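What follows is one structure encoded as structure tokens, with my remarks underneath.
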Amino acid sequence: MSLFWLFALSGSGLFILGLLATAFRTRALEKLIALNIAGSGVFLFFVALAGRSDPPDPVLQAMVLTGIVVSVALTGLGALLIRRQMTEGGGDDG
Amino acid sequence: MIASLLPLWILLTSLVGGLIIFALREGAVWPRTFVNLAAAVVKIILVGWMVYGVYHGEDFAIGYELLPGIDLAFRADAFSVLFLVLSAILWLITTIYAVGYLEHAQNRRRFFGFFSLCVTATMGIALSANLLTFLFFYELLTLATYPLIAHRGTAASQRGARIYLAYTLFGGALALVGTAWLYVLTGGVDFTTGGALSEGVIASHGAALMVIFALLFFGFGVKAAIVPFHGWLPVAMIAPAPVSALLHAVAVVKAGAFGVVRLVYDVYGIVPSFEMGLLTLVGIVAAVTILYGSFLALFQDELKKRLAYSTISQVSYILLGTALFGPMGTVGGVVHLVHQGIMKITLFFAAGNIAETLHIHRISQMQGIGRRMPLTMAAFSVGAFGMIGFPLVAGFATKWYLGLGAIEAEAYWVLGVLALSTLLNAAYFLPILYKAWFQKPPKGVQRPHQGLESSGWLLWPTVITALLSVAAGVFAGADHAPVYWAMIVARLEYGGLL
Amino acid sequence: MMVEHTPWLLTAVPLLMAAFAMLSARLAPYLASVSTLICGTLLLQALEPLSQETIIHTLGGHAAPLGIELYLDRLSWMMLALTWLGGALCSLYAFFWFRSTGHAGVAGFWPLWLGLIGGMNALFVSGDLFNLYVALEVIGICAVSLAALAQSREAIRAATNYLLATYAASLAYLFGVGILYGLYGTMDWRLLATLAQPEAPALLAAGLMIAALAIKAALFPLHFWLPSAHATALPPVSAILSALAIKGAFYLLARLYIQLEMPGSLPALLLGYLGAAAILYGGYQALMAHNIKRIIAYSTVAQSGYFFLIFAIGGAMAWQGGFLQLYSHIIAKATLFFAVGNLALAAGSVTLEGIKGVARAAPLTLFGAAMAALSIAGLPPSGGFLAKWLLLQSAIEGGAWHFVAVLAIGGLLSAAYLFKIFRYALIEQPEKRFNDPGVWLGWVVLLGGFISLLFGFVGGQSVAWFDLSALSLGGAS
Amino acid sequence: MGEATLFDLLLVIALLTTALRAFWAKGSFEAVFSLLFFGFFMAMAWMRLGAADIALVEAAIGAGLTAAILMEVLRVVGSSSFATYRVEGVWMLPAAAFLGFLIASAFRLLPPFAAPEGAYSATLEALSQSAIGNPVTAVLLDFRSYDTLLEVGVLLFAAFAVAKLSGPVADRFEKRRTMLSFLSSHLAPVLALVAGYLLYQGMDGSGGAFQASALLAAAGVLFSLSGQPLARQEALESRFWLMGSGFVFFFLVGIALALKQGHLLAYAPQWQSAAILSIEIALTFSLAYALLVLYWRIAHAGKAR
């Protein structure tokens, strides 16, 4: 089995499982974590795609770098919102 | 330039008037009254100009492209002129009446503002040159009337307005679908004397055209209060008297009836309508409505309610005339648009005056009222006799031509409907008159204070419309009487056939 | 000379102003008005050249597929112009609203709002799928943060759900972009239009992107995040979110559909049917709601359904109707949310019971709202009426009677839920005391209502002039 | 690189296990820790795939900053110790089925990737004429610099929003975990040094503004954890000018170039290296600061009263 194929496959798997977990978990924090992992799945898929050629496709790698930064921005904002929900009483289910 | 834009000026007089009224402060009674009356007078002058022009064959047509190939277009023909004159004159009179009626009411700015918008919409309906424009103003009329019916802000008036809105918006939706469908089939429907549908369209889309006719007929019929879509009218009675008067005489029910007449004559054409059997539908619905409305009117003790059911019945005379294939029927139907208007507004003015002056709302309280308010009751009696079809009052001319039309179309059952309806009319109006004139007032009730029996603002409009009703009856055969113009309409519509 | 820079300037100006606005809350509104003025001028001076050709800007001088190209065509211009107009109204309202309430959210509002505008402008001109992803993220981050500005627990919770939904959607979109890039080696939609085939991976990518954009555009049943987020936000923010933020995703969907000729009638039909379901479901929910902000928020779900009908109905007329609906909705919905904000200020409540009788305190607001409501209910004279007329005609022409029924019922539903608000506002409550929302706030609503009405006269001609049919037929070159 | 080895297989298994662990976690705490480990394995996967640039960022951001942020949330929020699933989500089943279909499609249809032409070959060709040796840096800051510009904007707006939404900052600043703080206060300067090196060599080898700023941010987190007074003071105020300076500088350089060259961010050959290096320096500090604001504001926010 080709290395990139293996990683592309796991990337897709992580993406879809992550989305499913996002849908099925009820606490916002756990949803956020699941989305993070789903995002990593997408990036893994991208880098595997980049690695098909030699040298690896820098466009896809650059896209992943961009994606990671966007991801941390969303995660940071999400984390703050979740924290605020909790500190203002009650749970964060929703 | 000014003359060619005349339809626009006619619309703008009441529109701008209304907007100025909205902009004025609530307390500015006299400026508001001035603007209101000035707009109404200017409108009458402009309409008079238009009547003159139309009579001399001038073509007032303007359009504005809303969508590619779809215009908002205005045009004046004999039929629109008839409706225009009625609306313009009755607007002035009703405005005078309303100023008096609402002297101590709240939110008068809102009332008169929407009143003007309502008239604008009616004028737009009269001047529409195509089906889309008609629909445009038809919906506007719905919206402008809503605040008027809800004006008092009580739970009951809210309810009445809500029911009115539910019915009319439903009708509007039917008409919208019908109109869009017809536009798809034909590419556009300009009101055309003798019918706007080409023979090819009629030949290839027969079934679709029947459905469209039903959609449009019932869509417009909701406002004309045909059975089974009449339910809104009695509950809308909760509105202030001038509104009821305008609603019943000019604006709402007439808009519906006007639409049906346009639909039959200027969209489908009288001959195709007849050949497709559509007139039968109209005729049956009209006959049922006439009898049903009159029948229910018998059981109403509240004066305004009885008048409301009477309206349901009377408006359908217009439809009945339309359903008769023959020029005489047409004359009867079209002329009733005017005749019913002036007679019914007289009745409502009188009822409103009685309610306002003596706080009497029920027929059972009306004993001897003729002695206390002789002029008002005299006017009421004129209206009532007219409705019954008494000679010398306008209503007689209607029934006369409808009868002729029935004979001409060999629809003898219509004569039966007319006779039965006349009996019913007499049965629900004459007891009122008897009570008012021949019974003694209950003990302890004083005549109103010396001088006029009520406020002049309320009294004179009532008297004037009563006189107009008599004039329309007495001079029915004269040049430029409503009957004369109705004949012009009939002559045009049956052009080749006469 | 300036014209070829217009595409990126429209993004640069708001974003730079946003960065500066972070430094001073006091100067922020003025920076926003400077941005509005400059963008307006840019749009005006681009109008003339656009009648001849598409304005293209090659970023960094690197043509596609190496670099990113920006395309400003007539469809983009219309979206930009309407966003500008709606945005200017929202800015005006926000300025007066914050001034009269002194709400603490003002500290964060202007930079984020400018950021949202910058993101939307970037989206409307971008010709590169990955660049569009980044633009969507700018919009998403700003929209979520704006939604949270109310700082109430409900608002924070709603914003969290909004964030999760938009995050998931972004990932799906990104995955789709990656697959397309892997297949065709480019992300420029003009090149893709020439390369794309209806092959399985491309369809998968298209499916992912459509689903993602449907979430962001709040298409039923993926609208779950919208009603709460739009109903709990501050009034100016609700207007921004409902009128503008979701339009970007819809535009992108339409653009992809046009440019990539996203094939197969099945997804298109599916979108159309979901749109029809949205009209009925959103209308029903709005009718049942007691909170007027929720009514208007659900109305957004319903009204967005009309946009999606065009995918199923098809044809130039439906496209014109759909976009006219989009444009009318921008103005009308913003105006309605302004009005709700004013009513809430006047009555101190956003429930139907609470606003009883408020007509006395806010006549201007109610009058303006009524004009906007016409458009939402599809009644004349309004852009909404013309839009629904076009949709109705095209549905009849295509023999799609179920859509005709949906259009008719949808119109009645929207009239019903909107009139509910007016009915309660008009119930006389002589003993009740109201606050004065301030005359300026009322005038903004009136202005919005007036523009909404004006669309009923000029809207039809403008969409015809912009000739969307040429685009929908795949006229990419 | 070709065939997958046993190591790759184990790596993938580790990735999937930690991910599933996070998805099925009994509570938030377990989920966060699974994510931390997942991040480590991801960094390894990037290395294995020859994407050193990404591996650095992933290690610093994915496993470092994100985990630190989520830990802080847990600290404030507390962890639930039970799994929370949506049981009633029956309507989700069609969605799940659809996603399952997607998996199958991905398995079946995606292997024969089409030949990477288009951007790939264009990029390689452009690289051969560029003064920048690192292809990723060239894409990020030259060929597709507009993406990067907007992405910096995304982070800027997120950090700004977090600062504005975080509510009051805690006036209490506890010094904790002395062993860790000793370690981190010494580790932080080293990381900062490495960041500087990465920034410098980013032009040609692995590294660049993102990597440098990610490491700087990680260093900042460690520094904060060690309870240094300086970090505490920084946490109390958000210097928006510092946060936005990279973005504004980047944009202004781009506009200046547009005026001169006719295209936004079009570098003249003689300016290319200098322009890109200056942008990278500006970005490094403001990105790192923005990332740190995300962390600080979540870590040190006080409870609303």
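At an R0 of 35 angstrom, the distance between the Cβ atoms of residue B:419 and residue B:359 translates into a FRET efficiency of 0.40.
Fully extending the segment from residue C:465 to residue C:440 would add 5.6 nm, taking 0.36 nm per residue of separation and subtracting the current Cα-Cα distance.
Computed from Cα positions, the angle between helix B:327-358 and the longest principal axis of chain B comes to roughly 30 degrees. Convex hull volume of the Cα atoms of chain B, normalised per residue: 134 Å³. Which angle between 0 and 90 degrees, to the nearest 10, do you get for helix B:108-127 versus the longest principal axis of chain B when only C-alpha atoms count? That helix lies at roughly 30 degrees to the long axis. Among C:216/D:260; B:305/B:443; B:223/C:356; C:333/C:356; C:216/C:432; B:305/C:356, which pairs are too far apart, with a Cα-Cα distance over 31 Å? Pairs exceeding 31 Å: C:216/D:260; C:216/C:432.
For chain C, what D do you get in µm² per second when you plug the Kirkwood radius from alpha-carbon pairs into Stokes-Einstein at 25 °C and 0.890 mPa s? After rounding, the answer is 111 µm²/s. Over every Cα atom in the stretch B:399-498, the radius of gyration and the widest Cα-Cα span, Dmax, amount to 20.4, 66 Å. Between residue B:427 and residue D:201, the modelled labels are 10.8 nm apart [label points 7 Å from Cα along Cα→Cβ]. Under a model in which nothing but the beta-carbon of Lys, Arg (+1) and Asp, Glu (-1) is charged, the stretch B:299-498 shows a dipole of about 860 debye around its Cα centre. Straight-distance candidates among the lysines for linking to residue D:26, with alpha-carbon spacing under 17 Å and chain neighbours fewer than 8 residues away dropped: A:31. Helix A:58-87 sits at what angle to the longest principal axis of chain A, using alpha carbons and giving 0 to 90 degrees rounded to 10? Here the helix axis deviates by roughly 10 degrees. With a cut-off of 15 Å on the backbone N, the residues of the stretch C:83-122 near the modelled label site 7 Å out from residue C:458 along Cα-Cβ are C:83-86, C:89. Evaluating 6.51 cos²θ - 1.76 cosθ + 1.60 at θ = phi - 60° for every residue in the stretch D:33-38, the Karplus couplings come out as 5, 4, 5, 4, 5, 4 Hz, glycine and proline recorded as x.
Stokes-Einstein diffusion of the stretch B:151-289 at 10 °C, 1.306 mPa s viscosity, Kirkwood radius from Cα pairs, rounded to a whole number: 101 µm²/s.
As a size descriptor, the averaged projected area of the C-alpha convex hull of the protein assembly as shown was calculated at 53.1 nm². Each Cα pair of the stretch D:1-84 feeds into the Kirkwood radius, which the Stokes-Einstein equation turns, at 37 °C and 0.692 mPa s, into a diffusion coefficient of 243 µm²/s.
Overall shape of chain A was characterised from the C-alpha gyration tensor. The equivalent ellipsoid obtained from it has semi-axes of 32, 15, 5 Å, in decreasing order. Rounded to the nearest 20 debye, the dipole size of the protein assembly as shown about its Cα centre is 5140 debye, using +1 on the Cβ of Lys and Arg and -1 on the Cβ of Asp and Glu. Rg/Rh for the stretch B:299-498 stands at 1.04; both radii use Cα atoms, and Rh follows the Kirkwood definition. If you average the alpha carbon positions of the stretch C:394-432 and of the stretch B:157-228, how far apart do those two centres end up, in angstrom? Taking the Cα centre of each part, the stretch C:394-432 and the stretch B:157-228 sit 19 Å apart.
In plain terms, the C-alpha convex hull of the stretch B:173-249 casts an average shadow of 6.5 nm² when viewed from every direction. For chain C, the membrane-span-like helices by this rule, meaning whole DSSP H stretches whose C-alpha atoms cover at least 18 Å of axis and whose Kyte-Doolittle mean is 1.0 or above, are C:6-21, C:28-50, C:106-125, C:129-148, C:200-216, C:265-288, C:292-313, C:316-347, C:363-377, C:401-426, C:439-465; this says nothing about an actual membrane.
A short reminder: the numbers here are calculations on the coordinates, not readings from a lab. Predicted model, so just to flag it, every value in this text is computed and none were measured. So basically every Cβ, Gly included, is an ideal-geometry build from the backbone, and we count neighbours across all protein chains shown.
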